[in-house]
Amino acid sequence: MRAAMILRGLVLMVAVLCLPSLLAATPLTVAKVADGLREPWGIAFLPDGRFLVTERRGTLTLFPSGGGRGGRVEGVPDVAASGQGGLLDVMVPRDFATSRRVWLSYAAKAGRGAGTSAGFGRLSPDGTRIEGFRSVMRPAPQPGGRHFGSRLVEARDGTVFLTTGERGQGTLAQLTDGPEGKVLHFSADGAPLTHPAVERAAWPGLYSMGHRNIQGAALDSKGRLWVVEHGAKGGDEVNRVAGGQNFGWPLISYGTDYDGSRLGSGTAKAGLEQPAHYWDPSIAPSGLMIYQGDLFADWKGQMFTGSLKFHMISRLDPDRGFAEARIALPQTGRVRDVAEGPDGAIWFLSVTDGAVYRLTPG
């Protein structure tokens, strides 16, 4: 047993030391916290260290703080669990101790199609049920099962951001009368907060537009909103989002269409925002965490996003021009979400293993 543990530690150290110099001398320990999950999608922590995990098929599970066997939470909304849709993100607001609110984002059935939706309810005292769940937006029905987004982020003032995808129809990202390819903004009570820079006839809550498929979102230490979104063939982006901005999809892109043809008018156009960073080739980024803890003191302020394509976690240093290091371990298979735990550890969801893992210094 001891020999196996030592070998495991050596394997992890070799995996880390083989990465670019940003990670040289940063051995890591990875521990499995929970398993038996089917397409885990989002993770969020309660103040006491327990954590919630969503599974795309429509299951929400509450796990004890140390991990192990969790209990299913009833009362979640009906979801359209098809293609990329289903039960998606989960977010626990800072006032949970008094409000007991839990926010969920999901693909909802609508007519003959489905659309992204979100809402919140109250977690029962025994943690077994979401009570009084209320949707805060109506889904806009579109055919197919692609590009629902979607992440939930609480702003410093307690308002909530919801990200969406353009449902595989790029033109929708440039229309203001629908929620596709947008960042939407809501009050803590779910009222839409349309940004003043957006035209009055816009979809309620519209904050920014021109996004393709945002599957990661987080605040930095200054309270600014950052997102990561999928490009097509190349052109995955990191964007810092402010209200009223248009990020250009599909009018501009650093990628090409899947058949190799050009997208829009190139990489830039007046009035459209440029990404802070982009990947080519694509890594299919999912989940975003900006580290604020002390456990990895040298990584404070850096960005972590999972890759659904290359089986790794990308670490970006904004202070060094978004220089990238890649954490590639046997456990980083199709990383769907990355989060900072209450203990300062880096937690992530592996779709490949159906598991929750915890990274600490080695």
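If I filter segment 233-243 for residues that are of a type in the set (Val, Ile, Thr) and open to solvent by 30 Å² or more (accessible area, probe 1.4 Å), do I get at least one hit?
Applying the first criterion (of a type in the set (Val, Ile, Thr)) to segment 233-243 yields 238, 241.
Restricting the remaining residues to those that are open to solvent by 30 Å² or more (accessible area, probe 1.4 Å) gives none.
Checking segment 233-243: not a single residue is of a type in the set (Val, Ile, Thr) and open to solvent by 30 Å² or more (accessible area, probe 1.4 Å).
Out of (1) in a loop (DSSP other than H, G, I, E, B); (2) open to solvent by 10 Å² or more (accessible area, probe 1.4 Å); (3) farther than 19 Å from residue 316 by Cβ, the odd one out for residue 248 is which?
Result: residue 248 passes all but (2).
Looking only at strands (runs of 3 or more DSSP E) that fall completely inside segment 256-362, which ones have 1 or more residues that are within 23 Å of residue 48 (Cα to Cα)? Please lay out each step first, then the result.
On the way: elements: 277-279, 285-290, 303-307, 313-317, 323-327, 335-340, 346-350, 355-361.
Strands (runs of 3 or more DSSP E) meeting the threshold: 285-290, 335-340, 346-350, 355-361.
The conditions are (1) under 30 Å from residue 362 (Cβ atoms); (2) open to solvent by less than 30 Å² (accessible area, probe 1.4 Å); (3) without any contact (Cβ under 8 Å) to a residue 40 or more places away in the chain; (4) within 18 Å of the chain's Cα centre (by Cα), and residue 209 fails exactly one of them. Which is it?
Here residue 209 clears every test but (1).
Would you confirm whether or not segment 146-158 contains a residue that is in contact with a Phe, Trp or Tyr (Cβ under 9 Å, 6 or more places away or on another chain) and either free of Cβ contacts under 8 Å to residues at least 60 places away in the same chain or acidic (Asp, Glu) (or both)? Quick ask: steps written out before the conclusion?
Taking segment 146-158 first, the residues in contact with a Phe, Trp or Tyr (Cβ under 9 Å, 6 or more places away or on another chain) are 148, 150-155.
From what's left, either free of Cβ contacts under 8 Å to residues at least 60 places away in the same chain or acidic (Asp, Glu) (or both): 154.
Yes, that holds for at least one residue.
Assess whether residue 157 counts as being over 25 Å from residue 209 (Cα atoms) and open to solvent by 10 Å² or more (accessible area, probe 1.4 Å).
On the way: over 25 Å from residue 209 (Cα atoms): no; open to solvent by 10 Å² or more (accessible area, probe 1.4 Å): yes.
No: the conditions fail for residue 157.
Taking segment 182-192 only, how many residues are assigned to a loop (DSSP other than H, G, I, E, B) and open to solvent by less than 60 Å² (accessible area, probe 1.4 Å)? Spell out the reasoning first.
Restricting attention to segment 182-192, the residues satisfying the condition of being assigned to a loop (DSSP other than H, G, I, E, B) are 182, 187-191.
Next cut, open to solvent by less than 60 Å² (accessible area, probe 1.4 Å) only: 182, 187-188, 190-191.
Total meeting the criteria: 5.
The values are calculated or read from the model by the stated rules, or taken from the named source; none is laboratory data. The structure presented is a predicted model; accordingly, all values stated were derived computationally and were not measured. Here the Cβ is made from the backbone with ideal geometry for all residues, glycine too, and neighbour counts use every protein chain on show. Side chains are part of the model used for accessible areas, which takes the heavy atoms of the whole protein and leaves out ligands, DNA and RNA. Shrake-Rupley method; radii C 1.70, N 1.55, O 1.52, S 1.80 Å.
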